[in-house]
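Contents: one structure, followed by commentary.
The values are calculated or read from the model by the stated rules, or taken from the named source; none is laboratory data. As the structure is a computational prediction, the values presented were derived from the model and not from experiment. Virtual Cβ from ideal backbone geometry, glycine too; neighbours counted across all protein chains shown.
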Amino acid sequence: MSESAFHPTRALPYGRQNITDADVAAVTAALHADYLTQGPTVAEFEKQFAAYVGAKYAVAVSNGTAALHLCAMALKVQAGQRVITTPLTFSASANCVRYCGGEVHFADIDPATGLIDLLQVQALLEAHPKGHFTGIIPVDFAGLAVDLEATRQLADQYGLWIIEDSCHAPGGFFIDSQGQEQLCGNGNFADLAIFSFHPVKHIATGEGGMITTNSEQLFHHLLRLRTHGITRDPADLKREPDGGWYMEMQELGYNYRLPDLNCALGLSQLTRADAGLARRRLLAARYHVAFAQVPGVTVLAPGRKGHAYHLYVIEVADRKGLYDFLKTKQIFAQVHYIPVHRMPYYEGLGWKAGDFPLAEEYYAHCLSIPLFPTLTDEEQDYVVACISEFLSVEC
Ligand SMILES: *Cc1c(COP(=O)(O)O)cnc(C)c1O
């Protein structure tokens, strides 16, 4: 393909938020409301988000990392406990275990999907006595849903809890053994699931996060943990109230609340979540068709049913060359991810290069290219043309 005649009028990052006039109006209204935080918009956002992912309960928190931290606390992670996750994720998926003093262990990925390989998880579990590991944190990487039914079967054999990191996959699903669609975060298999509302994710609230679950008990515990460990709920009080002001701090929690302002934006964004997801899937389908004609580009997990397409990942021989070239074209691709075990902090805990060769090999070639709902067809064609140009020059 020759150089594109079209030149975009804006930089093209790998992901970006879509803020409409309706969003602005919703936030403006929230600014005039009685509560800037701890008001009724929080519960409304929780209710509607829970319905969107098909879960019974949702707890809004200040970001996805806080969501992971509270999940680890609610599942009582503590020193000496071992938790398994994937090396191919944002560090926060692993860090939550460390916040609680637990040990992070990894199982390598399936290079065809980028997801944690359940056979590798099984091998790890079988190599130790039961009780050696206490939980697993699978990640719906790039928007492709983990098979949580199979994960649950394995987890039950070894007594593990499951936290699904669904940050990439609101609206994503896998097909279970009965042929049913199982939405990410619906709580049918995982104990808890978490989402992020960072601007690069599907739903943006500035900073923000959500925990979903079908467990009433975990739900109540999370509500308390997100606000200092304090409860006012008469049913939960340990002592007799001595006045209308009475409340109890029952355990050590945090202030991880999400303000009403952000929840108002989230509610407004949620009304367009399906449209945004449909646009992501359409753009992904257009990329698939285009890259089928471009030698030297391998698409990660193309055409999977239920994929939510947070990221569109390609693999190329000269990843750094392509990344630098695209930058000169105002296309800001990104790498997801430097494997967690290769981070200096985790290497300090004993992990090293070569421990998870499939994740490392994936990392050497992967590039996330622009994919977000407001990306126009013309802009997308320009991205494809630039990638084609680089590869034709290269060979
Ligand atoms: C974004 C993200 C997080 C953290 O979310 P924040 O809201 O940025 O704290 C955790 N895990 C994954 C997989 C993510 O993509």
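Observations, loosely collected:
- In region 48-81, the qualifying residues are those that are surrounded by fewer than 18 Cβ atoms within 10 Å (Cβ to Cβ) and not in a loop (DSSP other than H, G, I, E, B), and the one that is nearest to the ligand (Cβ to nearest atom) is Gln48.
- Single match in His202, His198 (criterion: buried (at least 24 other Cβ atoms within 10 Å of the Cβ) and either touching a strand residue (DSSP E or B) at 6+ places or on another chain (Cβ under 9 Å) or among the charged types (D, E, K, R) (or both)): His202
- Set Leu267, Leu282, Leu222: member being touching a Phe, Trp or Tyr at 6+ places or on another chain (Cβ under 8 Å) and part of a helix (DSSP H, G or I): Leu267
- Scanning region 181-224 for residues that are over 25 Å from Ser268 (Cα atoms) and within 16 Å of the ligand (Cβ to nearest atom) returns a single hit, Ala190.
- Taking the criterion of being among the charged types (D, E, K, R) and either outside the structural domain of Ile116 (by TED's automatic domain parsing) or out of contact with any Asp or Glu (no Cβ under 9 Å at 6 or more places or on another chain) (or both), the residues of region 45-96 that qualify are Glu46, Lys47, Lys76.
- Residue within region 116-123 that is in a helix (DSSP H, G or I), modelled with pLDDT of 95 or more and within 12 Å of the ligand (Cβ to nearest atom) present: no
- Against the numbered list (1) assigned to a strand (DSSP E or B); (2) out of contact with any Ser or Thr (no Cβ under 8 Å at 6 or more places or on another chain); (3) not charged (D, E, K, R), Pro111 comes up short only at (1).
Here's the yes/no breakdown for (1) without any contact (Cβ under 8 Å) to a residue 12 or more places away in the chain; (2) out of contact with any Pro (no Cβ under 7 Å at 6 or more places or on another chain); (3) crowded, with 22+ Cβ neighbours inside 10 Å; (4) not assigned by TED's automatic domain parsing to the domain that holds Thr37:
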site	(1), (2), (3), (4)
Gln178	yes, yes, no, no
Asp191	no, yes, no, no
Gly209	no, yes, yes, no
Arg226	no, yes, yes, no
Arg232	no, yes, no, no
Pro241	yes, yes, no, no
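- Residues (farther than 27 Å from Leu283 by Cα and of a type in the set (Lys, Arg)) located in region 12-52: Lys47
- Residue selected from region 153-169 under the condition more than 17 Å from Ile194 (Cα to Cα) and surrounded by 18 or more Cβ atoms within 10 Å (Cβ to Cβ), by the criterion farthest from the ligand (Cβ to nearest atom): Tyr158
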